[in-house]
């Protein structure tokens, strides 16, 4: 019997029995070390949701999985240090060096 035929038979049997009750000795398990996962509800605009859904479709993932991945990828990125943040006074100082003095007097 070919692997394709075997897979087809197993899939058909599984589909036919998917609503059968579980055996009495069946025990459910969680993938997260027995700790119940937390559920987060997020509000998105229609445009934000559409962008998330498009990204999920590109990766052939459910939208909720794509949202979880986006959150986890964002958390994995190192936080910006204070040295990377540009202050308004630094911008003003840099502009004073390149803008001609007569333009600075006008405002």
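Key figures
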quantity	calculated
First in region 6-32 and modelled with pLDDT under 90, second anywhere and surrounded by 10 or more Cβ atoms within 10 Å (Cβ to Cβ) and part of a helix (DSSP H, G or I), Cβ under 9 Å, 6 or more apart	none
Qualifying positions in region 50-71 - within 9 Å of the chain's Cα centre (by Cα) and under 16 Å from residue 39 (Cβ atoms)	63, 64, 65, 67, 68, 71
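The values are calculated or read from the model by the stated rules, or taken from the named source; none is laboratory data. What you see is a predicted model; the values in this text were computed from it and never measured. For neighbour counting, all protein chains shown are included, and Cβ atoms are generated from backbone atoms with ideal geometry for every residue, glycine included.
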